[in-house]
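Note sheet for the following structure.
Rule-based calculations on the coordinates, nothing more; no lab input. All figures in this text were calculated on a predicted structure; none of them were measured in a lab. Positions of Cβ are generated from backbone atoms using ideal geometry, with glycine treated the same way; all protein chains shown enter the neighbour counts.
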Amino acid sequence: MSIGGIDIVTLAAMLMAASTPVLLAATGELVAEKSGVLNLGVEGMMIMGAVAGFAAAVATGSPVLGFVAGALAGALMATLFAFLTQIFLSNQVATGLALTLFGLGLSALIGKGYEGVRPPPTAKLDFGPLADIPVIGPIFFSHDWIVYASVLLVAVVWFVLRYTRAGLILRAVGESHDAAHALGYRVVAVRFAALGFGGAMAGLGGAYLSLVRVPQWTEGMTAGAGWIALAIVVFASWRPWRVLLGAYMFGGITALQLQLQAAGYAIPVHILSMAPYVITIVVLVILSALHRHGVQAAPASLGKSFHASS
Amino acid sequence: MITLIRRPNPSKFWTYATPIVAVIATMFAGGLLFAMLGKHPVEAIRVIFWEPLFGANASYFRGQLLVKAGPLILIAAGLAVGFRAGIWNIGAEGQYIMGALASAWLALHVYPAESHWLFPAMIVLGALGGLLWAMIPALLKVWFGTSEILVSLMLVYVAENLLAYMAFGPLKNPEGFGFPGSRNLQSYPAAHNADLIAGTGLHWGVVTAFVAVIATYILMHRHITGFRIRVAGEAPRAARFAGVIPARLVVFCLGLAGAFAGLAGMFEVSGPSGQITDSFNVGYGFTAIIVAFLGRLHPIGILLAGLLMALTYIGGDMAQLMLGLPSAAIQVFQGMLLFFLLGFDVLTNFRVRLGRRARA
Amino acid sequence: MNRRSFLKTTAATTLVAGVGLPAFAADEPLKIGFIYVGPVGDMGWSYQHDQGRKAIEEKYGDKVQTSFIESVPEGPDAERALTQLALAGNKLIFATSFGFMDATVNVAKKFPDVKFEHATGYKLADNLAVYDAKFYQGRAIQGTIGGRMTKTNKIGYIGSYPIPEVYQGINAAYLAAKKVNPDVEMKVVWAYTWFDPAKEADAAAALIADGVDVLLQHTDSTAPQAKAQEAGNVITFGQASDMSSFAPKPRVSSTIDNWAPYYNKRVGEVMDGTWKSEATWGGIDTGMVEIGEITDAVPAVVKAEALKLKDDIAGGTVHPFTGPLNKQDGSVFLADGEIATDEQLHGMTFYVEGITAEAPK
C-alpha cells in the first residue's frame, strides 16, 4: 500500500517501534501526574535507565535483565525526586529540572567505557504464519516483546485507573490531596508509589532506546525524548489510550517527514517538526474550553506541594 | 521517623543559613564524587569556587561571571514575579528565543544600517518578541483556562524549530558560504551590544539585569501590585476580596516575564553570542527557573543565585581544564547543589522533629 | 560588585592582553589546548579529535602538555573556554567545531602570541589557521563500492545539515556510483542533527523502507548501522570513526577522520618556529581522510577497484569532481575536463545533475 511514494505499511510498522520509548515514559509520567505530581525529570530518568539497562545487559548478556535494571534505575531516580518533593517539600518544577541535569551527568559518568560496545540483541517475537499476512503482518506481528509490553502496559494503566480501588485513590489524591488526606489516605505514600512507577517506566523507555532502538550507549543519547513524553501526556489530556495515540502521532510525524524526504520531497522540516507541539496546544485549548465550567482535564492538585498540616 | 511541623512564620535564621548549609553539604558530597573519580576533592572544590573569583586571571573570569549570570538573573527576576502569584511560566526559553529572533530580524533586515536608533529599536522589539510569545499562554489561560505551564513549555519547542528555520533560511548569512547562521552582529556596529567598558563583560544586558532586580524588588515589596501578586499566590480566595482581577494578573505576570526573557535574548544575540544559529539557545530559560527558586523568588536572592550558578559553570570549565574532570562530573555536581539547596529549604518553613510520626 | 573592583578588572585585563605570555623556555613543555563541541565519548566527531590529541601526547611525550574542555556550547561559552585555555598558558589551541569560528576569531585577536587552529571554518588571521578534511574523497570510494554492490540500484544518504561539506559528500558518492552503475539512484534524507541516535535510526529505516540497500551516513552515531544489520541485506560505511564493531557486514568500509598526522605536524612546526597561518584541506594523500578496511563482504574485484580509486585520488590522477558536470538544474558546473577548485567546492550547496531529490531550501 503506497500513497504518494510513501509506503503506509512500513510507516505504520516503523512508528510503532520508534514511538515505544516515549510511549513507555509518557505512560509512567501520566500515572505520576494523575497522583498530582509534575515530574519534569523524565529525561534524566530515561537516560539513567538507558545507561543502567545497557550496562546490566552487557554485564549479564541478558537483555531482559537489562530492562529490569533500567526500570530500577529510573525508579531510583524517581525516589530521589519523591524524597525531595514529598518529604522536603521542594518545588516540583525546579526539582524536576535539577533531576534531568543530574541524570544526564551521572549517566555519562557511569557510561564511560561502554561507548562503542554492542549490547546483546533482543529477539523479535516469532508469530509464525501471522507475520506473513499482508499489511497486518508487518504492522502488528513484526516486533520485539517490549513493543507489545508497552501497549499492554497502557491497557493495564487504563484499567487500574478506571476500575480499581487503587486507581480511585490515586485519582483522588491527584484531584485534591487535602480531601484525600481527610478521608484517611496516605497522600505521600501514594505519590511515592506513583512516582516510582513513573520512574520505572521512564527507565524502561530509556533501556529500550539503548538496547533495541539504537542500540548502543552514548552520552546524551535520549536527545530530548523525555520532553516529548511530557508533551504527550498533555496532548493525551491524561487519558492512557490517548497517550498511545499521542506517542504514535509524535513518532509518526518524525517518521513521515523522513519518509517524505526519502521519497524525494523537499519539505520544510522545521515547520513540520513544530506541528505536533502546535497540535498539542490546540488539543489543550479545546479540552479546556470544553471543561471550562466542569471537570478540568488536568489533575487539580498537579504541581502543588502537600503537607498534612496545611 | 522525621516529622515536619509548619512554622507560623518563615525562620529568619534558616532563610540565611540554608543556602550556606546546602553549599557546604554539596562540597562534601561533591568532594566524595571527585575523590571517587580519582581527583583530589579539596583541590577540585577550590578550583570550582575559588579559582574564578580569586585565582590567576580572576579579573577576566569575574567579568565572565557577569556575562553568564546576566541573562539568568534577568529572566529569573521576571519569572519570580509570576511564580509568586502562582502563575507558572516555564517557557522562558521560548520567549528568550523569540526576543532574540525579533531583534536580530530587525537588525538584519535593515543591514547595514548606521542609525543610532537601531539599537534602541532592537531593545523594544526584543522585549516585544518575548512579550507577545508569552501572551499566547496568558490569553489562552484567560480565555479558556488552559494550563500556562504546559502551553508555555510546548511553545519552547515551537520557538526552537522556528529558530532553526530562520537560521537555515531567511536569516542565513548571504556571505556565509552556505553555512547556517546569520551575520555576526558583533561586526555590525549599530546593532552590537558591546562591553560598556571593554573587557569587563559588563554589557547593556547585565545593566538591565541589575535594573530588573531593583525594579522587581520595588514592585514586589514597595508597591500595591506586588502585594496583590503575593496575596494571589498565597491566598487566592482572599485575593478576590482584595480586588485582584485574576485575568489581569495572568496577563501582567506572563507579559513581564516574557518581556524580560525577550530582552535577555536580545542582549545575548546582539552581544556575547552575536549570531542567530540553530544552537543559539543554551538553556538559560530553564536554568533561570532553577535560579528563581534558589533565590527563593526574592530579587536579591535571585541576584546571588544567578551569580552562584554562573560560578559553577565557569569553575566547572576550570576544573575540566586544570584537573581533567569530565564535564559530566560538573553536571552531577550542579545537580547535587540544586538538590541540597531545594531540599534544605524545608527548614525555613518547617521545624523538623525526630520521633514517631502521628498517623498522617 | 563595587566600583573599585571594576577598575581593578579593567586594569588587570589590559595587563594580561598587553604582556601576553612570555616565550617558553626550551625545557618547559609546550602547552596545547582543545575545545570539543561534544563529549569525548561521542564515538564520532569529538572522539576523533581527542584521538588526535592523544596521538600528540604519544608522539611528543614530556615535551607537550595537553588539556581539553568538552561539551562546549557554541557561542559565548566557546569564547570563554578558548580564553580560559589561552590564559592557562596554552600556546597552541585547537577549536574543533565549525560553530566556534567567530569565537575563535575574537580570542585570537586578544592573544596574538598564541596560535589558534580552527576546524572546518574559513576565517584566517595571522595567528589563526584553518583545517578541514576532503571527506568527499572517501565518499567517492564508498560510492564506487555502493554502485557495484547495490541490487536495487538505490543508494541512501543520511545528511546532517545542508551545508557544503555534506553536499560534496552526496554528490561525490553519486558521481562515483553512477560511473560504475548508470542506473543508480540517490535518495537523501536530511536529519538536521550531527548526532541523535533515535532520529538517525528512523532516517535509516525510512531509506531502507524505500528500497535502499546501500546506506551512507553523514551523522555520527552507529544507529543506522544497527538498522542496516537488522534489515539484513543492506551495506553501510563507518563515518568519522571506523565503526568496526559492525564489520564485516553491514559495515563494509569507512572513512575515518584522522587528525593525528595534521596535529603532530602542526605541533612540530610550533616547536621549531615554522608554524604559519594557512588553510589546510587534507585528503587521502596526507592521511587526514583514512579509508577503513574494506571487508570480505565486498567482492575482490570491487575491492580492487575501490583501492585503485583510492590510490588514484591520493596520487592526484583522479578528482571526484571532473567535468563535464552539470548542476541539478542543468546549468554547467564544470566544462569538459575542468576540475573543481577548492573555492567552488567550498560553496557547493546544490545537487549535481541526475539526483532527482529536491534540495532543501
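In debye to the nearest 20, how big a dipole does region B:190-345 give about its Cα centre with +1 on each Lys and Arg Cβ and -1 on each Asp and Glu Cβ?
Numbers: 7 positive and 6 negative charges, 174 e Å.
Charge dipole of region B:190-345: 840 debye, to the nearest 20.
With +1 on each Lys and Arg Cβ and -1 on each Asp and Glu Cβ, and nothing else charged, work out how big the dipole of chain A is about its Cα centre, in Debye to the nearest 20. Each step should come with its number before you reach the end.
On the way: 14 positive and 11 negative charges, 134 e Å.
Value, rounded to 20: 640 debye.
Evaluate peptide A:106-117: per residue, the Cβ atoms of other protein chains within 10 Å of its Cβ; return the mean as an integer.
Details: counts 7, 3, 10, 8, 1, 3, 6, 1, 1, 9, 9, 1.
Whole-number average of other-chain Cβ neighbours for A:106-117 is 5.
Run the numbers on region C:15-133 and let me know its relative contact order in percent, using alpha-carbon pairs under 8 Å that are six or more apart. Please list the in-between numbers first.
On the way: 208 pairs, mean separation 29.5, N = 119.
Relative contact order comes out at 25 percent.
What spacing in nm lies between the two simple spin-label points modelled at C:D312 and C:T274, each 7 Å away from Cα in the Cβ direction?
So the two model labels end up 3.4 nm from each other.
May I ask you to list the aspartates and glutamates whose Cα is less than 19 Å away from that of C:K276, ignoring any residue fewer than eight positions away on the same chain?
Excluding near neighbours in sequence, the set is C:D113, C:E117, C:D126, C:D132.
Give me the net charge for the shell around A:E115: Cβ to Cβ below 14 angstrom, other residues only, Lys and Arg +1, Asp and Glu -1.
Numbers: positive: A:K112, A:R118; negative: A:E219, C:D42, C:D50, C:E70, C:D220, C:D242.
Net charge in that neighbourhood comes out at -4.
For B:W50, C:W194, A:W217, what's the fewest-to-most ordering of other Cβ within 10 Å of each Cβ? Display every interim value, and only then the final one.
On the way: B:W50 14, C:W194 20, A:W217 31.
Going from sparsest to densest Cβ surroundings: B:W50, C:W194, A:W217.
By its C-alpha gyration tensor, with a ≥ b ≥ c as the square roots of the eigenvalues, how is region C:15-133 shaped: rounded for a/c under 1.5, else prolate for a/b larger than b/c, else oblate?
Numbers: a/c = 1.71, a/b = 1.11, b/c = 1.54.
In terms of gyration-tensor shape, oblate.
Give me the distance between the Cα centres of region C:143-194 and region A:63-120, rounded to whole Å.
40
List the residues, sorted by chain then number, that are 5 or more residues from C:F34 or on another chain and whose placed amide H is less than 5 Å from its amide H.
Amide H to amide H, under 5 Å and 5 or more residues apart or across chains, C:F34 pairs with C:S67, C:F68, C:I69, C:F94.
FRET efficiency for A:L290 and B:F227, Cβ-Cβ distance as r, R0 = 35 Å, nearest 0.05? Mind dumping the intermediate values first?
Values: r = 35 Å, r/R0 = 1.01.
It comes out at approximately 0.50.
Net charge within 15 Å of A:G103 by Cβ-Cβ distance, Lys/Arg positive one each and Asp/Glu negative one each, not counting A:G103 itself? Each step should come with its number before you reach the end.
Numbers: positive: none; negative: A:E29, A:E43, A:E219.
Residues near A:G103 contribute -3 overall.
Mean separation of Cα pairs under 8 Å and 6+ residues apart, divided by the residue count of chain B: what relative contact order is that in percent? Provide the component values of the computation, followed by the final result.
Numbers: 620 pairs, mean separation 131.7, N = 360.
Computed value for chain B: 37 percent relative contact order.
In what order do A:W158, A:W227 fall by count of nearby beta-carbon atoms within 10 Å, going from fewest to most?
Values: A:W158 18, A:W227 21.
Fewest-to-most Cβ neighbours within 10 Å comes out as A:W158, A:W227.
If you average the alpha carbon positions of region C:312-361 and of region A:164-228, how far apart do those two centres end up, in angstrom?
54
Please label the shape of the protein assembly as shown as rounded, prolate or oblate, based on the square roots a ≥ b ≥ c of the eigenvalues of the alpha-carbon gyration tensor (a/c under 1.5 means rounded; beyond that, a/b larger than b/c means prolate, else oblate). Before the final figure, lay out the partial values.
On the way: a/c = 1.67, a/b = 1.23, b/c = 1.36.
Here the protein assembly as shown falls in the oblate category.
Taking every residue in B:135-141, how many Cβ atoms of other protein chains lie within 10 Å of its Cβ, on average? Mind dumping the intermediate values first?
Details: counts 0, 1, 1, 0, 0, 5, 1.
Mean shielding count: 1.
Which of A:A73, A:W227, A:G198 sits closest to the plus end of the dipole of chain A, meaning its Cα is farthest towards the positive end, when Lys and Arg get +1 and Asp and Glu get -1 on the C-beta?
Most positive-ward Cα: A:G198.
Within 10 Å of each Cβ in peptide A:216-227, how many partner chain Cβ atoms are there on average? Round it to a whole number, please.
On the way: counts 10, 3, 13, 12, 9, 7, 3, 8, 5, 2, 0, 4.
Across the residues of A:216-227, the mean count of other-chain Cβ atoms within 10 Å is 6.
In this model, which of C:K151/C:K187; C:K31/C:K265; C:K134/C:K178; C:K54/C:K227 are farther than 24 Å apart at the alpha-carbon?
On the way: C:K151/C:K187 15 Å; C:K31/C:K265 15 Å; C:K134/C:K178 20 Å; C:K54/C:K227 32 Å.
In this structure, C:K54/C:K227 lie more than 24 Å apart at Cα.
Quick check on chain B: helices-only [θ] at 222 nm, where DSSP H runs of length 4 and up contribute -39,500 (n - 2.57) each and the sum goes over total residues. Nearest 500, please. Could the numbers behind the result be given before it?
Working: 15 runs with 250 residues, N = 360.
Mean residue ellipticity, 222 nm, calculated: -23000 deg cm²/dmol.
Using a 10 angstrom Cβ neighbour count of at most 12 plus a DSSP loop assignment to flag exposed GluC sites (Glu not before Pro), which longest range of chain B is free of such sites? Present the calculation step by step, with values, prior to reporting the outcome.
Details: sites that count: B:E114, B:E175.
Longest gap between qualifying sites, sites excluded: B:176-360.
Is region B:254-329 rounded, prolate or oblate when judged by the Cα gyration tensor, a ≥ b ≥ c being the square roots of its eigenvalues, rounded requiring a/c under 1.5 and prolate requiring a/b larger than b/c?
Working: a/c = 2.48, a/b = 1.26, b/c = 1.96.
The shape class here is oblate.
Show that you can apply the helix-only estimate: for chain C, add -39,500 (n - 2.57) for every DSSP H stretch of four or more residues, divide by all residues, and state [θ] at 222 nm to the nearest 500. The partial results should precede the final answer.
Details: 11 runs with 143 residues, N = 361.
Using -39500 (n - 2.57) per qualifying helix, the result is -12500 deg cm²/dmol.
May I ask you to sort B:K68, C:K123, A:K124 by Cβ crowding, counting other Cβ atoms within 10 Å and putting the fewest first? It would help to have the intermediate numbers written out before the result.
Numbers: B:K68 26, C:K123 13, A:K124 16.
Fewest-to-most ranking of B:K68, C:K123, A:K124: C:K123, A:K124, B:K68.
Find the centroid of the Cα atoms in region C:239-258 and in region B:136-182, then give the distance between the two in whole Å.
The two parts, judged by their Cα centres, are 37 Å apart.
What Kirkwood radius, in Å to one decimal, follows from the Cα pairs of region A:2-290?
Working: mean 1/r = 0.0513 Å⁻¹.
Its Kirkwood hydrodynamic radius stands at 19.5 Å.
For the modelled label position 7 Å from the Cα of B:V207 along Cα-to-Cβ, which residues of region B:77-121 have backbone nitrogen atoms closer than 19 Å?
B:115-121
In percent, how large is the relative contact order of region A:38-93, given Cα pairs closer than 8 Å and 6 or more residues apart?
Working: 53 pairs, mean separation 21.7, N = 56.
Relative contact order here is 39 percent.
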